1. How large is the dipole of segment 151-287 about the Cα centre if only Lys and Arg carry +1 and Asp and Glu carry -1, each at its Cβ, rounded to the nearest 20 debye?
2. By a straight-distance test (C-alpha under 29 Å), which lysines pair with Lys300 as possible cross-link partners, with residues fewer than eight away in the same chain excluded?
3. Given the convex hull over the Cα atoms of the chain, what projected area results after averaging over all orientations, in nm²?
4. Calculate, in nm to one decimal, what Arg117 and Ala81 gain on full extension: separation in residues at 0.36 nm each, minus their alpha carbon distance.
5. When only Cα pairs under 8 Å and 6 or more residues apart are kept, what is the percent relative contact order across segment 151-287?
6. Taking 0.36 nm per intervening residue step and subtracting the Cα-Cα distance, what contour gain separates Leu187 from Glu163 on full extension?
7. Where the centre of each part is set by its Cα atoms, how far does segment 20-51 sit from segment 210-254, in angstrom?
8. Residue-wise, which Karplus ³J(HN,Hα) couplings in Hz belong to segment 132-137, taking 6.51 cos²θ - 1.76 cosθ + 1.60, θ = phi - 60°, and x for glycine or proline?
Amino acid sequence: MSYRVVLWTTGHVATFAGRAILDHPEMELVGAFAWSAAKVGRDVGELIGRPPLGVVATDDLDALLALKPDVVGYYPILDPASIPQHVDTRCRFLEAGVNVVSTANLLTGHWWGAQARFEEAATRGGASLFGSGVNPGFVNQLALTATGVCSEVRRISIWEEAECSGYDSPDLWETVAFGHAPDEPGLHERFRRGTTVFEDAVVMMADALELPLDEVVYVPDIALATEDLDLGFMKIAQGHVAGLRNRWLGIANGVEVIELGTIWKMTECVEPNWPIRHGWHFDIDGVPNVKMHLACAPPKGETSSELLMGLAMLMTAMPTVHAIPHVVAARPGVVTYKDLPLITAVGCVRT
């Protein structure tokens with residue numbers, strides 16, 4: 001079977017998703033949404049760095065639906081103000097019977113207050129919605145898989161740690177208030193809202209373990225720039241937010257059972273200067289204890305910051321691209337990793 005795929009936007013993550021779809025032997029890229037007027041009417045291949053495809057980008061949702069896609073790969077640039085619009089658009093696809101795979105701070109729509117609406121739209125259209133990325137998403141499933149060797153699990157901890165000065169995405173850093181003054185009113189709420197998708201990840205993991213939660217607790221800490229920072233894509237004044245440590249905690253029977261943590265900082269010129277282990281670190285306290293470290297590196301000899309950022313975008317996109325056949329075959333509704341078969345790089349093995 002060949003899966004007809006529409007690409008929603010042609011930005012950073014969407015570009016890597018689109019290339020992977022073109023390279024996949026069982027997928028066909030049949031259309032794309034142009035977020036900016038300058039991209040309307042342009043060839044999608046050229047927009048994602050490939051030869052012309054004869055497929056043009058459009059800003060007309062009805063025109064995309066008329067292509068009769070099996071699935072839309074939904075990869076928008078997301079800011080909090082645009083969430084209602086993106087909920088509406090996803091529901092349009094679902095109601096039309098088009099399956100949706102998505103990144104952009106979406107696992108289930110729980111923290112948007114949209115999960116019930118997604119379920120209703122998907123059920124009406126007989127389609128499925130799956131949200132992932134590398135984190136949250138892929139790494140949560142990796143940790144859940146690792147619990148399969150345990151006869152007892154007391155606590156699961158996942159930490160993402162990164163020095164982010166090469167991650168050229170000022171819109172993303174704005175959502176978590178990097179560059180803002182530490183005494184700015186409402187700063188804690190900005191941190192929380194900018195990372196609340198990790199609450200969905202805690203809930204998703206607990207659901208996969210059939211573990212009722214009392215609550216999910218958020219604990220942030222900030223680091224401030226010790227000098228003025230010019231990162232090229234953004235500037236951060238001395239004494240302003242240049243590092244953020246988040247902890248999302250799943251509490252069951254009054255005990256911390258699931259911990260999802262992140263440390264993001266811009267250069268070493270921050271205080272406190274938290275040590276960075278780079279990558280993702282997994283600790284399962286149980287019988288047995290399980291420790292894992294996931295690190296991803298570029299091809300040998302390649303070290304450019306542009307390439308490293310590209311790998312981050314690629315890793316964000318690929319869990320959703322690889323899931324496409326399974327999501328098309330899934331039951332209608334919002335689905336997570338626990339509802340799908342093993343997702344692997346089918347069609348991508350090169351010999």
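FYI, it's all coordinate maths here, none of it is from the lab. Computed from a prediction, not measured in an experiment: that's the story for all the values here. Here the Cβ positions follow ideal geometry from the backbone for every residue, glycine too, while neighbour counts run over all protein chains shown.
1. It comes to approximately 40 debye.
2. Straight-distance partners of Lys300: Lys265, Lys291.
3. It is 18.8 nm².
4. 11.1 nm
5. 41 percent
6. 6.5 nm
7. About 35 Å separates the Cα centre of segment 20-51 from the one of segment 210-254.
8. 7, x, 7, 7, x, x
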